[in-house]
Amino acid sequence: MESVINEVAEKMQKAIKSFAKCVDKHPSTYDCDCKKQKEAVQNLINKHCKQQSVAYDNCVSNNKLNPESKCLEQFRALYLCSQVIQEGARN
């Protein structure tokens, strides 16, 4: 498991650095100019936290009237997964 986290962290680190450089280069237009780099970061998180993402999306779809209270556990799991990957990328 640790080797997988390290591999993901390495990829994340490259993607985050690329996005950060783009934002630094285009501070007022980064939302348009850095879309590709932002999507790369999001795709890595989605790929490696797919199970948590699907669970959260399903919960929200099934609880449209009150997802805030019904899907907190699924949101927390998705958040924690993305944080583990992002923390690994920083180290």
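Throughout, read-outs are computed from the coordinates displayed, never taken from laboratory work. These figures come from a predicted structure and were not determined experimentally.
Computed quantities for the displayed model
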{"quantity": "Karplus (6.51, -1.76, 1.60) ³J(HN,Hα), θ = phi - 60°, over the stretch 26-33, in Hz, Gly and Pro reported as x", "calculated": "10, x, 9, 10, 4, 4, 9, 6"}
{"quantity": "Kirkwood hydrodynamic radius of the stretch 9-91, from inverse mean 1/r over distinct Cα pairs, in Å", "calculated": "13.9 Å"}
{"quantity": "Square roots of 5 times each gyration tensor eigenvalue, C-alpha, the stretch 38-77, largest first, Å", "calculated": "22, 9, 8"}
